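Below is one structure, written out as C-alpha cells, with a few remarks after it.
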Amino acid sequence: MIVTGAGRGLGRAFAEAACRAGARVVVAEWVEAWGERAADDLQAAGHEAWFVRTDVADWPSVRRMAEAAADRWGRIDGLVNNAAIASGIGGKGFEDIPVEEWDRVMRVNVRGPWLACKAVFPFMRRTPHGKIVNVASDTALWGAPVLLHYVSGKAALIAMTRALARELGEDNIAVNAIAPGLTRVEATETVAASRHEMYVRGRALRREQFPEDVTGAAVFLLSDGADFITGQLLAVNGGFVLH
C-alpha cells in the first residue's frame with residue numbers, strides 16, 4: 001500500500017500503523033530526508049517499507065510512484081491520501097490570502113489526492129478489494145475561520161470521496177475519508193495555543209488529540225472488515241464535531 005506525506009506527522013503514523021497490521025508500505029514523501037528516515041526506521045523495526053520521493057501535485061511524479069510500487073510488489077491494494085499543506089497558512093482572513101498560496105494549497109490538497117487515485121487505479125482494480133482512505137479534516141465540518149483555502153480543500157476532498165466511491169465501486173474499490181481534529185504533530189506546531197485549548201474544551205473527550213488517536217480508524221477502513229463500507233466520512237476528533 002501507499003501512504004502519501006508519510007515522512008512525518010500523521011502520515012508517518014499511518015505508515016507505522018499499517019506496517020504493524022502487516023502491510024508493505026511505500027513511504028511517498030517530497031522531503032527526501034523525512035522519507036528516507038521514516039522508511040529506514042520502519043525497516044529497522046522489521047517491516048517492509050520503501051521510500052519513493054513524490055510530488056503529489058505533479059502527474060509524472062505520482063505516476064512513477066504508482067508504477068514503482070506495482071513493479072516492486074506486484075500489486076497496489078491500499079492508498080492513504082495524507083499529503084497536504086497545513087503548516088503556516090492559518091490566521092489570514094479570506095481577503096488576505098495570497099492568490100499564489102491559495103493555488104498552492106489546492107494543488108497539493110485537492111489535485112494531489114485526485115492524481116494519486118488516478119495513478120493507482122489501473123493496478124488497484126486488479127485486486128479483489130482495493131481500499132482508498134482520504135485524510136480530510138473536521139475544519140470542513142464546522143467551518144473553521146481564517147483558514148479558508150485549507151477548509152475549502154478538505155471539503156472538496158470529502159466530496160471527491162463520495163463521487164469516487166460511486167465511480168470505483170464497480171471495480172470493488174472502496175473509497176472513504178476520515179476527518180481528524182487538531183492533532184499534535186509537527187505541522188500543528190505553528191497553531192496558536194488558544195486554538196488547541198478551544199479544541200480540548202469543545203471535545204466530548206476533553207484532552208488533546210495525538211496521531212495514535214487517528215490511525216486506528218484508517219487501518220480499519222483499509223482492512224477486510226471494511227469491505228462493504230464506501231463513500232463514508234468518519235470524524236475522528238474526540239467529539240468536537242458530532243457527525
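The values are calculated or read from the model by the stated rules, or taken from the named source; none is laboratory data. In this text, all values refer to a predicted model and were calculated from it rather than measured experimentally. Note that we place each Cβ from the backbone using ideal geometry, even for glycine, and neighbour counts take in every protein chain shown.
For this structure, a couple of remarks:
- Wholly within the stretch 1-98, helices (runs of 4 or more DSSP H) carrying at least 3 residues that are within 22 Å of Val236 (Cβ to Cβ): 9-20
- Comparison of Ala18, Ala44, Ala33, Ala38 shows that the only residue that is within 23 Å of Val175 (Cα to Cα), among the hydrophobic types (A, V, I, L, M, F, W, C) and at pLDDT 95 or above is Ala18.
- Search result, residues across the stretch 180-216 that are touching a residue at least 24 places away in the same chain (Cβ under 8 Å), surrounded by 13 or more Cβ atoms within 10 Å (Cβ to Cβ) and among the β-branched types (Val, Ile, Thr): Thr183, Val185, Thr188, Val191, Val214, Thr215
- Comparison of Ala70, Ala86, Ala57, Ala49 shows that the only residue that is buried (at least 21 other Cβ atoms within 10 Å of the Cβ), closer than 21 Å to Val133 by Cβ and modelled with pLDDT of 95 or more is Ala49.
- Failed condition for Thr127, given (1) more than 29 Å from Gly91 (Cα to Cα); (2) crowded, with 19+ Cβ neighbours inside 10 Å: (2)
- For the stretch 217-242, a residue qualifies if it is in a helix (DSSP H, G or I) and either among the aliphatic types (A, V, I, L, M) or surrounded by 12 or more Cβ atoms within 10 Å (Cβ to Cβ) (or both), and the qualifying residues are Ala217, Ala218, Val219, Phe220, Leu221, Leu222, Ala226.
- Verdict on Val27 being surrounded by 16 or more Cβ atoms within 10 Å (Cβ to Cβ) and of a type in the set (A, V, I, L, M, F, W, C): yes
- Subset of the stretch 173-198 that is at pLDDT 90 or above and outside any strand (DSSP E or B) - its residue that is nearest to Phe240 (Cα to Cα): Gly181
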